[in-house]
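First up is the structure itself, then whatever we jot down about it.
The values are calculated or read from the model by the stated rules, or taken from the named source; none is laboratory data. In this text, all values refer to a predicted model and were calculated from it rather than measured experimentally. Here Cβ is always computed from backbone atoms with ideal geometry, including for glycine, and neighbour counts include all displayed protein chains. Each accessible area value is taken on the protein alone, full model and side chains, heavy atoms only, with ligands, DNA and RNA left out. Shrake-Rupley method; radii C 1.70, N 1.55, O 1.52, S 1.80 Å.
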Amino acid sequence: MSLAGRTLLLPRTDAADRLARAAEELGARTVTADLIRHETVTPTDELDAALRAAASVDWVALTSATTVAAVAERATALGTTLPQLLTGPRVAVVGQATGAALAAHGVAADLVPPERSSATELLAVWPAGSGTVLVPRSEIAAPTLVDGLRERGWDVRDVVAYRTVPATVADPAVADLLDGGGVDVVVLTSGSTASAFAALYGTTAPVRVCAIGESTADAARRAGLPVHAVADHQSTAGLLEAAGRALTTGARP
């Protein structure tokens, strides 16, 4: 279904501007809401030490665009750049969106799951062998990738790069827009945005909900939100296609 004339509510994230531009090119109106923010973990000693030693590992696995941003920020603080930091190891990303975020910094991923974006999909295409893998991650990341790699015999350097902090105050303008039926589709880009949206704005607004992937959809359902569509591909195009489907399909159980 066309998004022309429809209003999409987007979480304000690193990728929100790109998503908003793409939606507006399709004729949609976009509204952004502060649902979460990301903070580099402090103190940064463990993260900095891991990044300084990145040249000595075989792989670096990046599991979100936010992880890419956090590592790039620390690279700058350490007096280097992300491309310089990742010159030695091969780089794996969890999906296309993370790969695009990495490419924006001038680094091409060596390994990307071909379909959906998840730690499980990345493990499915991970090459056989052994060696050392650096996994900078969110403080609340599930252990799926780290545990899966260790079970296969890889030496995993697991380090927290950032923490996710939910917004605590709802935006009155956004609340009024939702309550008045002024939003057609809420786009959720992570489990954290799903939980935060439900906590701030409730679960009864007359809107459709689409999620970037199954883990986000599961988090939304746990928070009491209906999920009307899940993106087949975790990319800007995939999200917008799901937003269109959300307007015409019923909620999943």
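Assorted remarks:
- Taking the DSSP beta bridges with both ends in the chain, the antiparallel portion is around 15 percent.
- Whole-number percent relative contact order across the chain, with pairs defined as alpha carbons under 8 Å at least 6 apart: 20
- This model, with +1 at the C-beta of Lys and Arg and -1 at the C-beta of Asp and Glu, gives the chain a dipole about its Cα centre of some 260 debye.
- Residue separation of SER56 and GLU115 scaled by 0.36 nm, minus their Cα-Cα distance, works out to 18.2 nm of gained length.
- Taking amide H as placed 1.01 Å from N in the peptide plane, THR30 has its amide H under 5 Å from the amide H of LEU8, each at least 5 places away in sequence or on another chain.
- Distance-filtered residues of segment 207-242 - backbone nitrogen under 16 Å, label point 7 angstrom along THR144 Cα→Cβ: 211-222, 230-235
- Alpha carbon centroid spacing (whole Å) that separates segment 131-205 from segment 29-64: 14
- Taking the protein heavy atoms of segment 136-253 in the context of the full set of protein chains, the accessible area attributed to carbon and sulfur is 52 percent at 1.4 Å.
- Where labels lie 7 Å past Cα in the beta-carbon direction, separation of GLU39 and ARG152 in nm: 3.5
- Surface analysis of the chain yields an accessible area of 44 Å² per residue, using protein heavy atoms and a 1.4 Å probe.
- Carbon/sulfur fraction of accessible area - segment 1-109, other protein chains in place, 1.4 Å, %: 49
- Full-extension gain in nm, LEU247 to SER130, via 0.36 nm per residue minus C-alpha separation: 37.5 nm
- Spin-label pair ALA77-ASP232: with each label point 7 Å from Cα along the Cα-Cβ axis, the two points sit 4.1 nm from one another.
- Between ARG18 and ASP218, the contour length at 0.36 nm per residue exceeds the Cα-Cα span by 69.5 nm.
- Estimated dipole of segment 145-253 in Debye, rounded to 20 [Cβ of Lys and Arg +1, of Asp and Glu -1, Cα centre]: 180
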